[in-house]
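Notes to accompany the following structure.
The values are calculated or read from the model by the stated rules, or taken from the named source; none is laboratory data. These figures come from a predicted structure and were not determined experimentally. No Cβ is skipped: glycine too gets one built from the backbone with ideal geometry, and neighbour counts run over all protein chains shown.
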Amino acid sequence: MIITPKVRGFICVTAHPEGCKKNVLDQIIYSRSREAISDSPKKVLIIGSSTGYGLASRVVASFACKADTVGVYFERPALDGKPATPGFYNARALDHFAREEGRISESINGDAFSDEIKEKTIELIGERLGKIDCIIYSLAAPRRRDPVSGEIYKSVLKPIGNGFKGKTVNMVTAEVLDIAIDPATEEEIEGTCKVMGGEDWERWVDQLLAANVLAPGVRTYAYSYIGPEVTWPIYAQGTIGRAKDHLERSAKQIQSKLQQLGGTAGISINKAVVTQASSAIPVVPLYNSLLFKIMKNKHIHEGCIEQMYRLFSSHFDGNRDAQGRIRLDDLEMREDVQREVKETWDKISTENLRELTDFDGYRRDFLNLFGFNASGIDYSKDVEID
């Protein structure tokens, strides 16, 4: 079938398998072009591995660190004549390319929050990798079923305490719009922490420890974001920010549990990039459009693959803040970059959007997530979706 992008709100409901494969290959080519990473992890588990930072982590692990990997994700295959989700095609392509190079590359498609998938993953690790020396937790989801109580929790993107008024951009019409969001209830705050906090990360580590599949010196890192003042009310000071606080507390608890193996646990604060999850956050697409223009002009812009190569090549010991968090957002948060963000933000309107920001570049990157705008792909041709 011929597949074209169909954008609804902050999501594209179609995905192009050949475009997704090319996107993965482009990340692989970048990793191969960089210096090989020595003394790096060799047996890596990535939880949330099919898109964004999780996918880039798996690419770097496989092709720059020459590691064997297991990826866990929850994606929909092609069904009833509809294309699969982009993450499904991404994971399939990565397995193909990694195996061509002799790497062990295994994927498990299912609910990573469930004990069933944890048990299945542990069994696979024991059979194929033996013991793992690195765990990356890069899971973003709208809901989670508690494996003990069976209760379903939902995450929301809302401010806490006071309502929020700001502006965002419509991905389809390129209109800059005013938005107003009511504050979250206590139930919504709790639900967001249950989904996006560190409870599941810690449960993964507990079960991996109990199964004796963690190598001495094992490292585990979860990814987070802080962002600039313009996004704080809806992010760092909102429900997601509260969940990220929980994530950081979990890192300390996990750290104490891994001491028996001489292992470590930590948080990597990453740069703002275009991902499916970030596109859903009000304000962020407009902020990213402005940020990208500023950083590209300064020749310091990075995407997921550049960020993850930097993380792995520093052996997870890069620039850290007073809380011990790795700061891969150091270039984004540079004083000169954020000064330009503040000076420009209030001036942005529908009329000057393309003059003041890189909205077109942001939208290209957004569609690229779904396999569109990939170089060398003829989108007028029929393509197999299964």
ask   = Within segment 287-320, restricting attention to residues that are aromatic (Phe, Trp, Tyr) and assigned to a helix (DSSP H, G or I), which residue is farthest from residue 168 (Cα to Cα)?
value = 312
key: Single match in 89, 153 (criterion: within 25 Å of residue 304 (Cα to Cα) and in contact (Cβ under 8 Å) with a residue 12 or more places away in the chain)   = 89
ask   = When you go through 119, 18 one by one, which is the residue that is in contact with a Lys or Arg (Cβ under 9 Å, 6 or more places away or on another chain), in contact (Cβ under 8 Å) with a residue 60 or more places away in the chain and assigned to a helix (DSSP H, G or I)?
value = 18
remark   = Filtering segment 182-196 down to residues that are outside any helix (DSSP H, G or I) and out of contact with any Lys or Arg (no Cβ under 6 Å at 6 or more places or on another chain) yields 182, 183, 185
remark   = Picked from segment 192-231 (must be surrounded by 21 or more Cβ atoms within 10 Å (Cβ to Cβ) and more than 30 Å from residue 332 (Cα to Cα)), the residue nearest to the chain's Cα centre (by Cα) is 204
task = Among residues belonging to segment 137-168 that are hydrophobic (A, V, I, L, M, F, W, C) and part of a loop (DSSP other than H, G, I, E, B), point out the one that is surrounded by the most Cβ atoms within 10 Å (Cβ to Cβ).
result = 139
remark   = Of the candidates 40, 49, 62, the one satisfying the condition of being modelled with pLDDT of 95 or more and either part of a loop (DSSP other than H, G, I, E, B) or over 17 Å from residue 125 (Cβ atoms) (or both) is 49
Unique match (being closer than 26 Å to residue 119 by Cα, surrounded by fewer than 23 Cβ atoms within 10 Å (Cβ to Cβ), touching a residue at least 60 places away in the same chain (Cβ under 8 Å) and under 20 Å from the mean Cα position of the chain (by Cα)) among 56, 84, 61 = 84
ask   = Is it the case that segment 321-340 has a residue that's among the β-branched types (Val, Ile, Thr) and either touching a Cys at 6+ places or on another chain (Cβ under 6 Å) or not in a loop (DSSP other than H, G, I, E, B) (or both)?
value = yes
ask   = Looking at this structure, is residue 251 without any contact (Cβ under 8 Å) to a residue 60 or more places away in the chain, buried (at least 18 other Cβ atoms within 10 Å of the Cβ) and part of a loop (DSSP other than H, G, I, E, B)?
value = no
In segment 22-54, the residues that are in contact with a Cys (Cβ under 9 Å, 6 or more places away or on another chain) and closer than 18 Å to residue 377 by Cβ = 27
Number of positions in segment 254-281 that are under 30 Å from residue 216 (Cβ atoms) and part of a helix (DSSP H, G or I) = 8
query = For residue 122, are the conditions met, namely being over 29 Å from residue 236 (Cβ atoms), surrounded by 14 or more Cβ atoms within 10 Å (Cβ to Cβ) and among the β-branched types (Val, Ile, Thr)?
reply = yes
message = Looking at residue 375 and the list (1) at pLDDT below 95; (2) buried (at least 19 other Cβ atoms within 10 Å of the Cβ), which single condition is not satisfied?
response = (2)
task = Could you pull out the residue among 351, 343 that is in a helix (DSSP H, G or I), without any contact (Cβ under 8 Å) to a residue 24 or more places away in the chain and not β-branched (Val, Ile, Thr)?
result = 343
ask   = In segment 101-123, what residues are β-branched (Val, Ile, Thr) and farther than 18 Å from residue 199 by Cβ?
value = 104, 108, 122
inquiry  = Going through 266, 227, 241 one at a time, which residue ends up being small (Gly, Ala, Ser) and touching a strand residue (DSSP E or B) at 6+ places or on another chain (Cβ under 9 Å)?
reply    = 266
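Here's the yes/no breakdown for (1) of a type in the set (D, E, K, R); (2) more than 17 Å from residue 57 (Cβ to Cβ):
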residue: 234; (1), (2): no, yes
residue: 242; (1), (2): yes, yes
residue: 248; (1), (2): yes, yes
residue: 256; (1), (2): no, yes
residue: 259; (1), (2): no, yes
residue: 265; (1), (2): no, no
residue: 271; (1), (2): yes, no
residue: 284; (1), (2): no, yes
residue: 301; (1), (2): no, yes
request  = Sort through 321, 336, 317 and tell me the only one that's touching a residue at least 40 places away in the same chain (Cβ under 8 Å) and among the charged types (D, E, K, R).
outcome  = 321
query = Just one of the numbered conditions (1) surrounded by fewer than 19 Cβ atoms within 10 Å (Cβ to Cβ); (2) under 20 Å from residue 258 (Cα atoms) is not true of residue 134; which one?
reply = (1)
